[in-house]
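Beneath this line is the structure, given in structure tokens, with notes to follow.
Please treat every number below as a calculation from the coordinates, not as lab data. Keep in mind it's a predicted model, so treat the numbers as computed, not measured. Note: ideal-geometry Cβ built from the backbone for every residue, glycine included; neighbour counts use all protein chains shown.
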Amino acid sequence: MRAFVLKSYAHPSKLSLTTDFPEPKAGPQDVLVDVYSGGLNFFDILQCQGKYQNQPPMPYVLGAEFAGRVSANSPIPKGCKLKPGDRVFGAAQGAFGEKLATPWTNILPIPDNISFDQAAGLFVTWPTSYEALVGRAQLKSGEWVLVTASAGGVGIAAVQIAKALGAKVIAAAGSQVKLNVSKEYGGADFGVDYTKPNWQQEVLQITGGKGVDVIYDPVGLIQDSLKCIAWKGRALVVGFAAGAIEKLPLNLVLLKNISIVGIHWGAYTKKDPEHIPKVWKDLIALLSSGRVKPVVYSEVFPFERLPDGLVAIEKRQTWGKAVVRIRDESVMARL
Ligand SMILES: NC(=O)c1ccc[n+]([C@@H]2O[C@H](COP(=O)([O-])OP(=O)(O)OC[C@H]3O[C@@H](n4cnc5c(N)ncnc54)[C@H](OP(=O)(O)O)[C@@H]3O)[C@@H](O)[C@H]2O)c1
């Protein structure tokens, strides 16, 4: 099969497509999936350079997020309600290959109104943002939310989920294009360019001096954002896209009676597995309703050009979810 196979550590720009890699074999709890679209992530860039925590023995197929169909020759383990041909999405090592094997408990059916390209970037970003806002920050209708990196993978999902919950959303991003995306595709009410000095003053002005009730921060801008948090606000620590793990003077927490709240979605698998299906039940209902729409970057990268997609992420050029098209559904339908 065709796949991006890691044989030795390399910068993503040096990767090339292998055309004859053996197809995966299914384990006892696995289904086989024909992959149609793959979601690109910053950690893919780290993985191919040996800088990521998960480093399987080489050679192995890169990629983590995918959408596709249960293969015609897939075994169906006991308890699995899926059948060959079903549209599914999930996360498993090997997403950047034409076929993968994954435990059936790791995949979900794609709602009818969601395309393969959209579904390829759902599995990590959407439950992260949903659990952050709903489970951790207990966001209420009518509250003000500030989302940093608002056009990024988790950010644009957070903007849409907050809007669907009835919040007023201020998008903060690093360019006018990304602010436009946050408003046009995300539905953000206001946009603020956080590369400009004193951007927090703009947020205070927008909120009538009150500040925001909830900060959703995947960048590492908590301390900066606290300049515009409201009394008793909640600041969600989602990630450190800017590279540095923030340290915080705790007097800032005391002075405004605020809460600093962490979210690590991946940890729920071990710490709170019963909660995961509840989040997905709510999210699938929300996605199926059409009130939110996963946002895919304007250029869907053809399979051979996957390295260009990873380089674009590295250069901070992409918005929404960057996606690689591995099989074309219309071509498959004609076969
Ligand atoms: N806590 C969890 O469970 C969880 C789950 C998923 C992801 N995350 C984390 O959330 C963060 C964002 O993930 P994502 O998928 O949304 O990434 P993404 O789509 O690549 O977006 C990241 C955005 O961060 C902004 N940014 C600011 N400074 C940056 C810098 N120095 N380098 C690169 N980007 C910078 C950029 O937006 P601007 O150009 O607008 O500044 C960029 O588009 C990552 O750190 C990821 O590990 C956490």
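Miscellaneous remarks
- Restricting the calculation to Cα atoms, every distinct pair contributes to the Kirkwood radius of region 125-267, found to be 14.5 Å.
- Rg/Rh (Cα only; Kirkwood hydrodynamic radius) as it applies to the chain: 0.98
- Placing +1 on the Cβ of every Lys and Arg and -1 on the Cβ of every Asp and Glu, with no other charges, gives region 125-267 a dipole of roughly 260 debye about its Cα centre.
- Percentage relative contact order, the chain, counting C-alpha pairs under 8 Å, at least six apart: 18
- Scanning the chain for DSSP H helices at least 30 Å long along the axis (C-alpha atoms) with a Kyte-Doolittle mean no lower than 1.6 picks out nothing.
- Given charges at Cβ of Lys, Arg, Asp, Glu: the chain dipole, positive-most of Pro197, Ser259, Ile170: Ser259
- For region 274-324 versus region 169-207, the inter-centroid distance based on Cα atoms is 21 Å.
- Sites excluded, trypsin sites (Lys or Arg not before Pro) in DSSP loops with at most 10 other C-beta within 10 Å, longest stretch of the chain: 82-246
- Estimated 222 nm signal from helices in the chain, with DSSP H stretches of n ≥ 4 weighted -39500 (n - 2.57), rounded to 500: -7000 deg cm²/dmol
- Within region 2-44: backbone nitrogen closer than 15 Å to the Ala72 label point (7 Å, Cα to C-beta): 33-35
- Cβ charges +1 (Lys, Arg) and -1 (Asp, Glu), total dipole of the chain, debye: 460
- Spin-label model, Ile260 to Met58: label points 7 Å out along the Cα-to-beta-carbon direction sit 3.9 nm apart.
- Candidate lysines - alpha carbon under 26 Å from Lys51, same-chain residues fewer than 8 apart omitted: Lys7, Lys14, Lys99, Lys247, Lys270, Lys271, Lys315, Lys321
- Charged neighbours of Ile326, selected by a Cβ distance under 13 Å, balance to -1 (K, R count +1; D, E count -1).
- Rough spin-label spacing in nm, given labels placed 7 Å along Cα→Cβ, for Val177 and Asp282: 3.4
- Val253 sits among other residues whose Cβ lies under 12 Å from its own Cβ, and their net charge, with Lys and Arg +1 and Asp and Glu -1, is +3.
- Given R0 = 25 Å, the distance between the Cβ atoms of Lys51 and Val300 translates into a calculated FRET efficiency of 0.40.
- Of Gly68, Thr128, Gly94, farthest towards positive along the dipole that unit charges on Lys, Arg, Asp, Glu beta carbons give the chain: Thr128
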